[in-house]
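> Encoded as structure tokens, here's the structure I'll be asking about.
A short reminder: the numbers here are calculations on the coordinates, not readings from a lab. What you are looking at is a predicted structure, and each value in this text was computed from that prediction instead of being measured. Positions of Cβ are backbone-derived with ideal geometry, glycine not excepted, and every protein chain shown enters the neighbour counts.
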């Protein structure tokens, strides 16, 4: 990596008119803000469809996008919706919080109108996304109907199963696929053919939503790349037990012959959790994957590079070793540690895909084996300042940082730094001030001193959550691990990012030599 910086800002946290951040004008405005601020990266978290709990780290598909992010304004511009179609539709009544109940109840109703209009048209022409046109020639429009057909062929390797899973799940009143009738659960051909015929409309609706998601997201990513802004997207290590992945590819996971899971993942008991943590995600069958050359994982990573420039691997330690718990146990006490695929997986990915740009989320219990895997991979690890100010020898304080790493003030799992400063004890606060040489008693100014400390780091990349630049408190926390409610909801108030803030960020970026370099022709 070059020496650069970026901002952590989830898509759902963007301001927008219809209840949740999306690929709207505000997303393009945020890219413009990044450019003004001298930022080279936008970290967005996972963009997959979420299930119960709304966590982007519990995706119901490793290949699909979240249709909540589809811009309704763009569908109006394309003639697939009218403004009156949105009148009276409830998307939530708090512009600072996502109302996922309203999203679940009403978003599809609007998208269904767009789908019906899409089907009714023989041809839908939109401006081309080409950036260069031969001299003397006019730019030819793109026919969306033709592009739709091409998309279905290109993505059928995952899209057919995902759409069928969504349709059957709806028909089964959202029951887990583990509770479906035996023929559907085991993917009996006749049962699936019957379901395809019966649920044809719902299946095609899912095709349409995924097509529009891809169309809009790739346009936004292209805009960001033109502004010299690269996208960092998170890849959750695990998938949800009730997901299209586990249903359509049970061979990738540790399953009995009757498709009952053998093992789920979690964390062993410790001083903070006497019975351990029972995450409940299905454990991968790494031996079976190795025999295929890690085919499913290769397709998964390849698909994610259609969305992102850099992938942040969540829970990197899980590739070294994982904690498996017998399926059906109510606690994690009977689990055991098992070996992960290690460099064998990453070597296979490099062989299949070539250069892979990744960041390792290596936080937590860093064993010798984990450290060895990180070094062997060559991926940059993470340094989080909030974890550093407990002792002078912490690996997270600046004098322990390494060049091949990414420094954060905090992550999506941390409280915003303003709240962290307010809530730590006086001794830790004094230590923090002494370490960063700050006399500021104002907590907002102290937050900016900590941001400056991150910029000063030798770490190649510096990522700051947008909440920290805005000195937001606990009300802006994205996620509190171990809790099931109130997460992934915070949104930015419209028109809250000013040119003055952009100039202040750019000054830091220039001072600490983090302005992104212009890409070369090869890049």
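> Given contacts defined as C-alpha pairs under 8 Å and at least six residues apart, what's the relative contact order of the chain, whole-number percent? Spell out each step's value before the answer.
Details: 890 pairs, mean separation 103.4, N = 523.
After rounding, I find 20 percent.
> Using a/c under 1.5 as the rounded threshold, could you call the stretch 265-347 rounded, prolate or oblate? The axes a ≥ b ≥ c are square roots of the C-alpha gyration tensor eigenvalues, and prolate needs a/b larger than b/c, oblate otherwise.
Since a/c reaches 1.5 and a/b is larger than b/c, the shape of the stretch 265-347 is classed as prolate.
> Does anything in the stretch 350-391 have its amide N under 18 Å from the 7 Å Cα→Cβ label point of residue 424, and if so which residues?
364, 383-391
> Set the Förster radius R0 to 35 Å, insert the Cβ-Cβ distance between residue 290 and residue 518 as r into 1/(1 + (r/R0)^6), and round the FRET efficiency to 0.05.
Once rounded, the FRET efficiency stands at 0.25.
> Pairs of alpha-carbon atoms within less than 8 angstrom and 6+ residues apart define the contacts here; what relative contact order does the stretch 1-145 have, in percent?
Values: 177 pairs, mean separation 27.2, N = 145.
Averaging sequence separation for qualifying contacts and normalising by length gives 19 percent for the stretch 1-145.
> Here is a follow-up. Between residue 172 and residue 475, how high is the FRET efficiency from 1/(1 + (r/R0)^6) when r is the Cβ-Cβ distance and R₀ = 51 Å? Nearest 0.05.
Numbers: r = 38 Å, r/R0 = 0.75.
The pair residue 172/residue 475 has a calculated efficiency of 0.85.
> Separate question: What distance in nm separates the two pseudo spin-label positions at residue 353 and residue 333, each 7 Å out from Cα along the beta-carbon direction?
My value for the distance between the label points is 4.1 nm.
> Quick one: Cα centre-to-centre distance for the stretch 279-297 and the stretch 423-442, in angstrom?
Using only Cα atoms, the two centres lie 46 Å from each other.
> Next question. Output the relative contact order of the stretch 421-523, whole-number percent, from Cα pairs under 8 angstrom with separation of 6+ residues.
Reported relative contact order: 18 percent.
> Quote to one decimal, in nm, the extra length available between residue 493 and residue 271 on full extension: 0.36 nm per residue of separation minus the C-alpha distance between them.
Here the segment from residue 493 to residue 271 would lengthen by 76.0 nm.
> Considering only DSSP beta bridges with both partners in the chain, what is the antiparallel share in %, to the nearest 5?
The antiparallel proportion sits near 40 percent.
> Assuming a ≥ b ≥ c are the square roots of the Cα gyration tensor eigenvalues, decide whether the stretch 373-523 counts as rounded (a/c under 1.5), prolate (otherwise, with a/b larger than b/c) or oblate. Walk me through the intermediate numbers first.
On the way: a/c = 1.29, a/b = 1.14, b/c = 1.13.
Cα axes put the stretch 373-523 in the rounded bin.
> I need the peptides 60-68, 345-353, 149-157 ranked by packing, meaning the mean over residues of other C-beta atoms within 10 angstrom, with the highest value on top.
Details: 60-68: 23.8, 345-353: 16.2, 149-157: 13.1.
Put in order of decreasing packing, that is 60-68, 345-353, 149-157.
> First measure r as the distance between the Cβ atoms of residue 366 and residue 413, then evaluate 1/(1 + (r/R0)^6) with R0 = 22 Å and state the FRET efficiency to the nearest 0.05.
0.85
> Starting from the Cα of residue 120, step 7 Å along the direction of its Cβ; do the same at residue 201; then give the gap between the two resulting points in nm.
Roughly 1.5 nm, to one decimal.
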